[in-house]
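Reviewing the structure listed below.
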Amino acid sequence: MVFQCQRDSWARQFATRVASCRPAELPAEGGAKETLRGFHVVLEDTILFPEGGGQPSDRGLIDDIPVLRVTRQGPAALHFVQSPLAPGSEVLLTVDWERRFDHMQQHSGQHLITALADQMFGFKTTSWELGHQRTVIELDTPSVTAEQVEALEKNVNEKIRARIPVVVREHSEDDPEIEMVRSRGLPDDHTGPVRIISIEGIDDNMCCGTHVSNLSDLQVIKLLGTEKGKKNKTNLVFLAGNRVLKSVERSHSIEKALTLLLKNGAEEHVEAVKRLQNSVKLLQKNNLNLLRDLAVLTAQNFKSNPGRGRVFVLHRKDGDSEFMNIIANEIGTEDTLLFLTVGDEKAAGLFLLAGPSEVVEKLGPRVAELLEGKGAGKRDRFQGKATRMSRRAEVQALLQDFIGHQSLEE
């Protein structure tokens, strides 16, 4: 089956009839939290492309009803909607043109890059993915050099400027010509004509997707570089057409914002950020040293107090596990029960319970439970993360009560 979207990728509206409408579900995906209930609508023909060949499906409207997904089932395209449509009724299809044209640019761009990567370097394409923000071509090579990427990008854009036509031809499935073109094979449930996308003088490729009619429609292609792929594969990342323009716009906006923040020109941004990073590292180091000194002084102050009790409780908003453990080391855990916390007083943070081993083993899990957190203990220490620091007073009362009962027993 060849749909109207494949015969005319530029059509933005199309009148047709409803062939069938059946209850269906759309599984949760992406940011969706639950399965959607709705209907699968089959039309006599469609300009909404059903996902396939690495290309996501179109979005659009049937009259004023949003189409949330289009999938292919044999010769039929299933349009998922959330309102029923009467079989036999006439409807007007409207395609989400921004999404469609973006997919046309990325898909035709992939064909061009794939063909030239093979011609120039013998790199075969094994798969590709048209993502929301970038497109990835998996090449059957363990590595691609920066020089090869640069040469490939130059050649690709030269072909775009040459305004080379892109032609769609339909062939019968038994036509011997289809054996001569690049292909990864037909789906098992394929029926009807076979489409071949030809970039004149460059590539012939069997494909079901929607494409531009001339390479100049791609505007420009930017190869963003390579990433390590699966075993002995390399992923080539690229943007085509309007995605390049949007990327430049985003980069320019970020550049303007950084210029205002850093008070210098774009060419000095990197060095300015490096200086800031070094300053932050130095401040963090100084802060850490001060916290260590503070921990020692806090412990010494407690130990020098002749009226100190058997329980020591302390909370600081800034601090870490090392800060708490230094205090515990300085005070000692043989005769004192320490309950130390760091973090937001009413939200989440870290806690440490230190003291005689038998006491810590008994009270540690109870402390974690009161603070609605998780922790683990070994000998004289039990520490972990808490989600309810606001319950520290309850923990303190528990510890005082326990020590009080111990003193009575002694």
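The residue among ALA11, LEU398, SER253 whose Cα reaches farthest toward the positive pole of the charge dipole of the chain, with charges on the beta-carbon of Lys, Arg, Asp and Glu, is LEU398.
Beta-bridge orientation, the chain: approximately 90 percent antiparallel, per DSSP, counting only bridges with both partners inside. Counting only alpha carbon atoms, the long axis of helix 242-262 and the longest principal axis of the chain meet at about 30°. Adding -39500 (n - 2.57) for every DSSP H run of four residues or longer, then dividing by how many residues the chain holds, sets the calculated 222 nm ellipticity at -12000 deg cm²/dmol. The accessible-area ordering, largest first, of the residues HIS79, HIS132, HIS252 stands as HIS132, HIS252, HIS79, per a 1.4 angstrom probe. Using only side-chain charges placed at the Cβ, +1 for Lys and Arg and -1 for Asp and Glu, the dipole size of the chain relative to its Cα centre rounds to 1440 debye.
Candidate values (i) -0.67, -1.34; (ii) -0.62, -1.26; (iii) -0.42, -1.44 were compared with log10 I(q)/I(0) by the Debye sum over Cα atoms at q = 0.07, 0.15 Å⁻¹ computed on the shown model; the agreeing label is (ii). Is the range 225-300 rounded, prolate or oblate when judged by the Cα gyration tensor, a ≥ b ≥ c being the square roots of its eigenvalues, rounded requiring a/c under 1.5 and prolate requiring a/b larger than b/c? Oblate is the answer for the range 225-300, as a/c is 1.5 or above yet b/c matches or exceeds a/b. Residues whose amide H lies under 5 Å from that of GLU200, counting only those 5 or more places away or on a different chain, are VAL167; hydrogens are built 1.01 Å from N in the peptide plane.
Positive-end ranking of GLN300, VAL280, ALA348 along the dipole of the range 272-350, with charges on Cβ about the Cα centre, is headed by VAL280. Calculate how steeply helix 392-409 sits against the longest principal axis of the alpha-carbon atoms of the chain, using the helix alpha-carbon long axis, and give the answer as 0 to 90 degrees to the nearest 10. That helix lies at roughly 40 degrees to the long axis. Taking all protein chains as they are arranged and a probe of 1.4 Å, the heavy atoms of ARG316 leave approximately 70 Å² accessible to solvent.
Each Lys or Arg adds one and each Asp or Glu takes one away; over the other residues whose Cβ falls under 9 Å from the Cβ of PHE14, this sums to -1. The lysines whose alpha-carbon is closer than 22 Å to the alpha-carbon of LYS374, local same-chain residues fewer than 8 away aside, are LYS317, LYS346, LYS362, LYS385. For ARG391, the accessible surface of its heavy atoms amounts to roughly 50 Å² (probe 1.4 Å, protein chains only, rounded to the nearest 10).
In the complete set of protein chains, residue-level accessible area for VAL296 is approximately 40 Å², probe 1.4 angstrom. Be a star and scan the range 73-113 for residues whose amide nitrogen sits under 19 Å from the point 7 Å along the Cα-to-Cβ vector of GLU170. Only 73-78 pass the distance filter. Per-residue Karplus couplings for the range 156-165, computed as 6.51 cos²θ - 1.76 cosθ + 1.60 with θ equal to phi - 60°, are listed in order as 4, 6, 5, 5, 5, 5, 6, 6, 7, x Hz, Gly and Pro entered as x. Helix 269-303 and the longest principal axis of the Cα set of the chain meet at an angle near 30°.
The values are calculated or read from the model by the stated rules, or taken from the named source; none is laboratory data. Computed from a predicted structure; not experimentally measured. With ideal geometry, Cβ positions are generated from the backbone for all residues, glycine too; neighbour counts draw on all protein chains shown. Heavy atoms of the whole protein, side chains included, go into the accessibility calculation; ligands, DNA and RNA do not. Shrake-Rupley method; radii C 1.70, N 1.55, O 1.52, S 1.80 Å.
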